[in-house]
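*Asks:* Take a look at the following structure, please.
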Amino acid sequence: ETAHASGKECWLILPRIFRLDIQKSWDASGMGGILKLFDGFLVRNLEAYSYLLKKGISQKELLLDNWFYVFNREAEAFWREQQIWQFTAPFEENARELQEKGVENDELPVYGRIPLMVSAQCFQKTLGRCMKTPGVLELKDRKGVVFPVRNNCSCCQNTIYNSTPLNLLENKKEICTLAPAALRLSFTFESGRETEDTARRFVETFLENKAISDEKRDFTRGHFKRGVE
């Protein structure tokens, strides 16, 4: 209601793993009745897609996340046959490959930590340290690079994120050439100030055509330059 009163749409991001036990817990909590209040849904797997259709949600309200295979026009054509028209551009493809595929119906992720893996087994529970409290853990590789891990206690899932966020702020020229349907900024571990500053930089660069602000934090461009490997 607060979002709508501010003239904003409110979308629900569904879990990356949506097994039957989670679906049953949603039904038991009355979540099915709340779904109708949302303007749209970011769907990350076939189980969630099927669940929403059974709840009477229209395909027009669904946006497929890049966890679905939409790497080429044939894959998108299949989903159009299912009356799905909104997609998320794959992280794995570079600017040239995205241009060949076409992203006019896609949201293009331009900022945020890329999820590298989702574990359906909680790290803390496996180590006998479960506190039943959501929080942020850390994994460190052999080079000392730290990867943040967010644990979701409601479903015993852990999401491992990249050590540095994706940031395509300086790739405005290529992005404007691609002309995606929308740009996506995803915030996970940023503070309120970092979130505000990052959003402002993108607004100034892409909407107000101001000079690109200097970004001093560490970041990655992901596969936007490398492409599929």
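The values are calculated or read from the model by the stated rules, or taken from the named source; none is laboratory data. Please read these numbers as outputs of a predicted model, since none were measured by experiment. No Cβ is skipped: glycine too gets one built from the backbone with ideal geometry, and neighbour counts run over all protein chains shown. For accessibility, only protein heavy atoms count, side chains too; no ligands or nucleic acids. Shrake-Rupley method; radii C 1.70, N 1.55, O 1.52, S 1.80 Å.
*Asks:* Report relative contact order for segment 70-229 in percent, whole number only (criteria: Cα-Cα under 8 Å, sequence separation at least 6).
*Replies:* Working: 232 pairs, mean separation 48.5, N = 160.
Once divided by the residue count of segment 70-229, the mean separation gives 30 percent.
*Asks:* In the full protein assembly as shown, how much of Ile13 is accessible to a 1.4 Å probe, in Å² to the nearest 10?
*Replies:* The accessible area of Ile13 comes to roughly 100 Å².
*Asks:* Now a separate question. So how far apart, in nm, are the two label points at Lys24 and Phe187 if each is 7 Å from Cα heading toward Cβ?
*Replies:* About 3.7 nm, to one decimal.
*Asks:* Can you send over the carbon and sulfur percentage of the accessible area for the chain, probe radius 1.4 Å, protein chains only? The partial results should precede the final answer.
*Replies:* Numbers: 6920 of 13340 Å².
Carbon and sulfur: 52 percent of the exposed surface of the chain.
*Asks:* Sticking with this structure for a sec: If you average 1/r across every pair of different Cα atoms in segment 1-102 and take the reciprocal, what Kirkwood value do you get, in Å? Before the final figure, lay out each step's value.
*Replies:* On the way: mean 1/r = 0.0672 Å⁻¹.
After inverting the mean inverse Cα-Cα distance, the result is 14.9 Å.
*Asks:* Can you sort Val110, Val118 by 1.4 Å-probe accessible area, starting with the largest? Mind showing how you got there, number by number?
*Replies:* Working: Val110 0, Val118 30 Å².
Final ranking, largest accessible area leading: Val118, Val110.
*Asks:* What number comes out for accessible area per residue over the chain if the probe is 1.4 Å? Units Å², please.
*Replies:* On the way: 13340 Å² over 229 residues.
The answer is 58 Å² per residue.
*Asks:* Counting other Cβ atoms within 10 Å, keep those with at most 13, restrict to DSSP loop, and tell me which chymotrypsin sites (Phe, Trp or Tyr not before Pro) in segment 36-104 are left.
*Replies:* Working: sites: Phe38, Phe41, Tyr49, Tyr51, Trp67, Phe68, Tyr69, Phe71, Phe78, Trp79, Trp85, Phe87, Phe91; in loops: Phe38, Trp67, Phe68, Tyr69, Phe71, Trp85, Phe91.
Passing both the DSSP loop test and the Cβ count: Tyr69.
*Asks:* Shifting gears a bit: If I compute semi-axes √(5λ) of the Cα gyration tensor in Å from the structure I just sent, which labelled value in [x] 45, 25, 14; [y] 29, 20, 19; [z] 28, 25, 19 lines up?
*Replies:* Given [x] 45, 25, 14; [y] 29, 20, 19; [z] 28, 25, 19, the structure-derived one carries the label [z].
*Asks:* Calculate for the chain the 222 nm mean residue ellipticity that helices alone would give, adding -39,500 (n - 2.57) per DSSP H run of length 4 or more and normalising by residue count, nearest 500 deg cm²/dmol.
*Replies:* On the way: 9 runs with 64 residues, N = 229.
Result for the chain, helices only: -7000 deg cm²/dmol.
*Asks:* Ok, one more. Setting aside same-chain residues fewer than 8 positions from Lys101, which lysines have a Cα under 25 Å from its Cα?
*Replies:* Of all the lysines, those that pass the test against Lys101 - Cα under 25 Å, at least 8 places apart if same chain - are Lys60, Lys172, Lys173, Lys225.
*Asks:* Now, a different point. Would you kindly state how much longer the chain becomes between Leu139 and Ile212 on full extension, computed as 0.36 nm times their sequence separation minus their alpha carbon distance, in nm to one decimal? It would help to have the intermediate numbers written out before the result.
*Replies:* Working: separation 73, 0.36 × 73 = 26.28 nm, distance 3.30 nm.
23.0 nm is the gain from fully extending Leu139 to Ile212.
*Asks:* Could you give the C-alpha radius of gyration of segment 63-160 expressed as a fraction of 2.2 N^0.38 Å, taking N as the number of residues it contains?
*Replies:* Details: Rg = 17.5 Å, N = 98, 2.2 N^0.38 = 12.6 Å.
So the Cα radius of gyration is 1.39 times the expected 2.2 N^0.38 Å.
*Asks:* While we're here: Spin-label point model (7 Å from Cα, Cβ direction): what's the Gln82 to Arg129 distance in nm?
*Replies:* Going from the Gln82 label point to the Arg129 one covers 3.9 nm.
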